[in-house]
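The values are calculated or read from the model by the stated rules, or taken from the named source; none is laboratory data. All values derive from a computational prediction rather than experimental measurement. Quick reminder, even Gly has a Cβ in these numbers, built from the backbone with ideal geometry, and neighbours come from all protein chains shown.
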């Protein structure tokens, strides 16, 4: 997956091949068992993950 | 004579042990050792004069007294924990966050993201586990689990983080030798 090779792509050790061919995508979830409301620290971390995934060059 | 603090520790240990189904899972969620949790529950049982857990079976489960006690005590403990959160704002947010992620996330998380997150919220302590093993979030005492792929039937709550795309990669040397497809 692209996210796993982000460093290599940035450093030029790997290139993306056949970028015009759409590769399959897979969804990502974060799971929890907090019933009523997520504790603030969990909410902030999830927001942070969403933001980080968006900024690193992934297709979302 | 047990102090109120010692009593509360026992209640927490017991409730978390029932939630997780094991001392190890409870210990992880509390940040104590499994033996400390086990001793805490034993002291509670001694104080009450009642067996709360069945230790003879392979998985730990409550006795009927333990189940009744749990039903009474657990909601209050949960309410107290939620009360901690009511007074927190991003400026003062604190506490331990136990997260498990697959290895695909492990590297970018550790090398880049976690640092920025912890810088932004310096009083949050991140307990991060990186594994491709299928983790049982509740039994192993985690707060959050990142999962890649479609969700199976689960009684957990899932929030979408987006989508990952597979790409084909090749080294520059390989492309030079074999040509660009």
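Observations, loosely collected:
- For the range B:16-89, the helices (runs of 4 or more DSSP H) that sit wholly inside it and include 1 or more residues that are over 15 Å from the mean Cα position of the chain (by Cα) are B:34-48, B:64-86.
- Only residues that are at negative phi and either more than 7 Å from every other protein chain (Cβ to nearest Cβ) or not in a strand (DSSP E or B) (or both) were counted in the range B:128-171, giving 25.
- The residues on offer are B:91, B:31, B:49, B:66, and the sole one that is over 30 Å from residue B:164 (Cβ atoms), touching a strand residue (DSSP E or B) at 6+ places or on another chain (Cβ under 8 Å) and loosely packed, with under 13 Cβ neighbours inside 10 Å is B:31.
- Scanning the range B:119-150 for residues being over 24 Å from residue B:22 (Cβ atoms) and at pLDDT below 90 gives a total of 3.
- Residues (more than 20 Å from residue B:164 (Cβ to Cβ), assigned to a strand (DSSP E or B) and touching a helix residue (DSSP H, G or I) at 6+ places or on another chain (Cβ under 8 Å)) located in the range B:101-126: B:124, B:126
- Residues of the range A:1-34 that turn out to be touching a helix residue (DSSP H, G or I) at 6+ places or on another chain (Cβ under 8 Å), assigned to a loop (DSSP other than H, G, I, E, B) and either at pLDDT below 75 or over 13 Å from residue B:159 (Cα atoms) (or both), as a count: 4
- Filter result for residue B:154 (touching a strand residue (DSSP E or B) at 6+ places or on another chain (Cβ under 9 Å) and modelled with pLDDT of 90 or more): no
- Taken residue by residue, the range B:145-167 has at least one member that is in contact with a helix residue (DSSP H, G or I) (Cβ under 8 Å, 6 or more places away or on another chain), under 23 Å from residue B:29 (Cβ atoms) and in contact (Cβ under 8 Å) with a residue 24 or more places away in the chain.
- Residue identified as modelled with pLDDT under 90 and touching a helix residue (DSSP H, G or I) at 6+ places or on another chain (Cβ under 9 Å) among B:6, B:65, B:45: B:6
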